[in-house]
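Data first, discussion second: the structure below is written as C-alpha cells.
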Amino acid sequence: MKTLIIAASFALAMMAGSVQAKEWKEIRIAFDIPYEPFEYKTPDGELTGFEVELAEAMCKELKADCEFVIQAWDGMIPGLLARKFDAIMSSMSITPERAERILFSEPYYNTPGGWFARDDFNTDVTDMEAMEGKTVGVQRGTTMDTYVTQKMGGIVSIKRYTTADDMVLDLEGQRLDVVFVDYPVGEQTILSKDGFKEAGEPVKLGQGVGVAMRKRDKELANQINAALRKLKKDGTYDEIMNKYFKYDIKM
Amino acid sequence: MEQWIAGLQEQFPILTPATLMQYWEGMVTTVQLVFLSLIIGLVLAVPLAILRTARNPLVCTPVWAYTYVFRGTPLLIQLYIIYYGVAQIPGIQETFWWTVFREPFYPALLAFTLNTAAYTTEIIRGAIVATPAGEIEAAKAYGMDWWLRMRRIVLPSAARRAIQAYSNEVIFMLHASAIASVVTLVDLTGAARNAYSNYYAPFQAFIFVALLYMMLTFILVFAFRKLENHLLKHQKSATG
C-alpha cells in the first residue's frame, strides 16, 4: 500500500512538472513603481516605461498572456519565491548574491556610469596624467566605486558617499572636481541644475540587468532569452530604447 | 604577533593586508580627531565653566545659550551644518577659509570640539557650584584673592568631583566620532563601511571594528582609573 501511495504521488508530481514545463501561456511579471523612466504610471493611471514596453513586446513574441503586478522592492524576491508572480522585470541588477537564490535571464540592459562636473572642469577623465591629484566622488559599494578604485586608485583622491545627494552637494561646494555615478541618477540630479555638464563618455559597467525567475523555471528562462534575443536583433528593442533614452543601454 | 594575525584572518577572511591597512589608517584618524577635540574642548571648557557660574547675566547668559544649543541638538546635525552648510555660503571657495573647510577633517574637528566643550562646560560648572561653602570661606579668611582661590581651592576640588562624569564624556566622544564617516572622512567606521561594501560581509566588517572601538575604550577606562586613583587618594580608607 505504502509503495502504491509513493508511486502515485511520484506520478502526480511528474504530471504536474510536465504541465509546468510544457507551455507558459500565462506569465505574471512584477514591477516596482515608480522608477522613471523604466516603470511608472502616467497621470491617467496607465503603467508604462522602458521595461514595461519591453515586457509587452516580449509577451507578444512569446504569444503569452501577461499580467503585470505591482510589488514593492523589498518584497520582490520573497514574492517571486512565494509564486505571487513568475518573473521580475524591475531593473534588478545581476549579482552573484542574488543568482544564488534566483535565476536570471541574459542581461537586457545596463545603464552606464557617467562623468559629471561643473562647467569650468576641462580635464579629460581618461587621461591619467591630467587627472592626477583630482578629487573624484563615487557612491560607496557601487560598480562605479569599484571601477574608479581599480583604474584610478593612487592617482586621484577618491571620496565615497552613502547617498547621491551628499555627493552632489560636495560637487556644488567644489570639494569634488568630478563625480562618477549611475548615468540616470546623474542626469536627474546633476544635469538638471545650471552650471553642470557631462565630463566624458559614459562607461558601461557591471553584469547588467536581467529578468529574474525562480530557479526551477528553466524552461521559462529559455523562452524569455530567445524572445529577448529576437527583440534585440529585429529593431524592436532599439525602437523602445530610443523612446526613453538619449544614450545606449543595450546589452 | 604574526600568529595572532594569522588566527585573526581565519576568523575574518576579509582582513587582507589592504583592509587591515585601511582599518589602521582609520584608527589613526579616529584617535587624532577624538584626542584633539577633547584637548581643545577641555581647554575651552574650563574658562567657559567659570564664566557660566558668574552672577552677571551678561556674562553667564551667552555661555548658557551656547551649551544649550550644542547639547540640545544632535552632533550629526551639527556636523552636517558645519560641513555641508559652510560649503553653500556664496564665495567661501575664494577665501582663506576654504583651505580649512575643503577637507572633511577640520569641519569634523570643529563640530566635535564645540560639542564636547559644551558638555564639559556643564560638567565642570556642576562641580564648581558644588564646592563646599566652608572651603571658600576658609580661603577668604586666609586672605586669598579671587584668582588664587580659583587656582588653589575651587578648580582642584572641582576637578576631583568632575573626573568621573568627564571620563564618561570622553568615552561617549570616542563613540560619537563614528559619525565622521558621513562626511567622507575615513575613520574607523569609514574603514569598516568600505570593507563591508567591498566584500558584502557586514558581520565581519562591523564586528572587527567594534572590537577595535572596545579596545580603545578599555585603554581610556584604564587611564581614567589610574587618574581617579591619583586624584581621589584622600578618599581611600587608611587600611584599604
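Measuring r between the beta carbons of B:Ile81 and B:Leu36 and using R0 = 25 Å, the FRET efficiency lands at 0.80. Post the alpha-carbon centroid distance, segment B:7-72 to segment A:127-191, in whole angstrom. Cα centroid to Cα centroid, the span is 29 Å. Among A:Phe116, B:Phe208, B:Phe218, the ranking by other beta carbons within 10 Å of each residue's beta carbon, starting with the fewest, stands as B:Phe218, B:Phe208, A:Phe116.
Database note for the protein assembly as shown: Cys without another Cys beta carbon under 4.7 angstrom, B:Cys60. The Cβ shell under 12 Å around A:Lys233 holds other residues with a net charge of +1, Lys and Arg each +1, Asp and Glu each -1. Per residue, the convex hull spanned by the alpha carbons of segment A:113-251 comes to 131 Å³. Summary: within chain A, the longest segment free of GluC sites (Glu not before Pro) located in DSSP loops with at most 14 other C-beta atoms within 10 Å is A:133-251.
For chain A, the dipole from Cβ point charges (+1 on Lys and Arg, -1 on Asp and Glu) about the Cα centre works out to 1420 debye, to the nearest 20. What do you get for the angle between helix B:155-176 and the principal long axis of chain B? Use alpha-carbon atoms, 0 to 90 degrees, nearest ten. The two axes meet at around 20 degrees. Using only Cα atoms, find the angle between the long axis of helix A:50-62 and the longest principal axis of chain A, and express it within 0 to 90 degrees, rounded to the nearest 10. Approximately 30 degrees, to the nearest 10. Lysine pair count for segment A:132-235 with Cα-Cα distance under 26 Å and sequence separation of 8 or more or different chains is 20. Computed from the alpha carbon atoms alone, the convex hull of chain A holds 153 Å³ per residue.
Simple rule: put +1 on each Lys or Arg Cβ and -1 on each Asp or Glu Cβ in the protein assembly as shown, find the dipole, and look at A:Pro78, B:Gly91, A:Leu231; the Cα lying farthest toward the positive end is A:Pro78. Adding -39500 (n - 2.57) for every DSSP H run of four residues or longer, then dividing by how many residues chain A holds, sets the calculated 222 nm ellipticity at -11500 deg cm²/dmol. With no solvent and one point on each alpha carbon, what is the Debye value of log10 I(q)/I(0) for segment B:1-115 at q = 0.13, 0.17, 0.19 Å⁻¹? These q points yield log10 I(q)/I(0) values of -0.73, -0.96, -1.06. Here segment B:9-113 is assigned +1 on the Cβ of each Lys and Arg and -1 on the Cβ of each Asp and Glu. Its dipole about the Cα centre then comes out at about 560 debye.
Taking only the Cα atoms of segment B:6-73, the ratio Rg/Rh comes out at 1.36, with Rh defined as the Kirkwood radius.
Taking all Cα-Cα distances within segment A:40-185, those exceeding 17 Å account for 70%. Here the Kirkwood formula puts the hydrodynamic radius of segment B:2-233 at 20.1 Å, using every distinct Cα pair. Dipole magnitude for the protein assembly as shown: about 2360 debye, using +1 per Lys or Arg Cβ and -1 per Asp or Glu Cβ, origin at the Cα centre. Sequence-ordered 3J(HN,Hα) estimates for segment B:216-225 from the Karplus curve with 6.51, -1.76 and 1.60 and θ = phi - 60° stand at 4, 4, 4, 4, 5, 4, 4, 4, 5, 5 Hz, glycine and proline given as x. Quick check on chain B: helices-only [θ] at 222 nm, where DSSP H runs of length 4 and up contribute -39,500 (n - 2.57) each and the sum goes over total residues. Nearest 500, please. That comes out to -24000 deg cm²/dmol.
Rule-based calculations on the coordinates, nothing more; no lab input. In this text, all values refer to a predicted model and were calculated from it rather than measured experimentally. Neighbour counts run over all protein chains shown; Cβ positions are idealised from the backbone, glycine included.
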